[in-house]
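Right, one structure below, let's go through it.
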Amino acid sequence: MTHDIQQTSLRAYHTKEQFAPTQRRRILNAVEKHGNMTNREIQHETGIIISSVSARVYELRCEFHLLELAELRKCIVSGRQAMAWKVRA
């Protein structure tokens, strides 16, 4: 059983490595197009699942491609106050 879990984890890792650069580009394009977006808005616009959006946004923030807005704003998808991101100028 352990072997199956390890193989599944290995496949998931390689899948992430394959799709992450494309997802990052799609996220940057969406945020550039709209000016600023929340994670849920990015999910809605790109069709990328929220867990992947969160991971890619984190990576883009660490690489200084995305910056957070100074204040929370209402998300048009969830209707709640949320952090929004903008592309670094």
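The values are calculated or read from the model by the stated rules, or taken from the named source; none is laboratory data. All figures in this text were calculated on a predicted structure; none of them were measured in a lab. Note that each Cβ is placed from the backbone with ideal geometry, even for glycine, and that neighbours are counted across all protein chains shown.
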*Residue that is closer than 14 Å to ARG26 by Cα, among the charged types (D, E, K, R) and outside any strand (DSSP E or B), where the choices are GLU59, GLU71*: GLU59
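For (1) of a type outside the set (D, E, K, R); (2) within 24 Å of MET83 (Cβ to Cβ); (3) under 12 Å from the mean Cα position of the chain (by Cα); (4) modelled with pLDDT of 65 or more, each residue gets a yes or a no:
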site	(1), (2), (3), (4)
GLN23	yes, yes, yes, yes
LEU28	yes, yes, yes, yes
ASN36	yes, yes, no, yes
GLU41	no, yes, yes, yes
ILE48	yes, yes, yes, yes
PHE64	yes, yes, no, yes
*Looking at GLY47, is it surrounded by fewer than 13 Cβ atoms within 10 Å (Cβ to Cβ) and farther than 13 Å from ARG26 by Cα?*
no
*Can you name the residue in region 74-89 that is under 17 Å from the mean Cα position of the chain (by Cα) and assigned to a loop (DSSP other than H, G, I, E, B) and, of all such residues, is surrounded by the most Cβ atoms within 10 Å (Cβ to Cβ)?*
ALA84
*Select from region 36-89 the residues that are out of contact with any Asp or Glu (no Cβ under 8 Å at 6 or more places or on another chain) and among the β-branched types (Val, Ile, Thr) and write down the one among them that is farthest from ALA20 (Cα to Cα).*
THR38
